[in-house]
Amino acid sequence: MSFGENLQYYRAREGLTQEELAERLEVSRQSVSKWESNTSFPEMEKLMTLCSLFQTDLDTLVRGDAQAACQEDAVGYDRHMNAFSNAVAGGVGLILLGVAAALGLYGLAGIPDTWCGAVILSAVAVAVAI
């Protein structure tokens, strides 16, 4: 994709009009229009501001494929959040299992309170480590 296409994509993704983007960059709306039609290019300072605004790197903005880069980020984020939620669920399950085991040992086997506390504490420590 060209710089102009990438700029249009990022601007649309953020829900900005050409005029709103121009106000943020302190340029005219016509300048943004020229950038998007690839008839002119912004100064380096404006490019860096665009990168910050759209949370992208300069290479992707100027030469890359913005749409593909955003889709790749979404896939990585989803994978990370799924792994995180599985770890949290496993930790909570381990704590509940530790409490159930401690109560079972205390009620059925008559194990002293200190040992039951140690079982619960161990389960919590492993859950936190996860």
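If you average 1/r across every pair of different Cα atoms in the range 1-111 and take the reciprocal, what Kirkwood value do you get, in Å?
Values: mean 1/r = 0.0575 Å⁻¹.
Answer for the range 1-111: a Kirkwood hydrodynamic radius of 17.4 Å.
Heavy-atom accessible area per residue, the chain, 1.4 Å probe: how many Å²? Intermediate values should be presented prior to the final figure.
Details: 8450 Å² over 130 residues.
Value for the chain: 65 Å² per residue.
At 1.4 Å probe size, with the rest of the protein present, what percent of the exposed accessible area of the chain is carbon and sulfur atoms?
On the way: 5000 of 8450 Å².
Looking at the chain in its full context, I get 59 percent from C and S.
Quick one: net charge of Thr49's neighbours, Cβ under 15 Å, K/R +1, D/E -1?
Working: positive: Arg11, Arg24, Lys46; negative: Glu14, Glu20, Glu23, Glu26, Glu43, Glu45, Asp57.
Here the count lands on -4.
Let me have the 222 nm mean residue ellipticity of the chain computed from DSSP H runs of 4+ only, each contributing -39500 (n - 2.57), with the sum over all residues rounded to the nearest 500.
Values: 7 runs with 100 residues, N = 130.
Value at 222 nm, helices only, nearest 500: -25000 deg cm²/dmol.
The values are calculated or read from the model by the stated rules, or taken from the named source; none is laboratory data. The structure presented is a predicted model; accordingly, all values stated were derived computationally and were not measured. Here the Cβ is made from the backbone with ideal geometry for all residues, glycine too, and neighbour counts use every protein chain on show. Remember, those area values only see protein heavy atoms, side chains included, never the ligands or the DNA or RNA. Shrake-Rupley method; radii C 1.70, N 1.55, O 1.52, S 1.80 Å.
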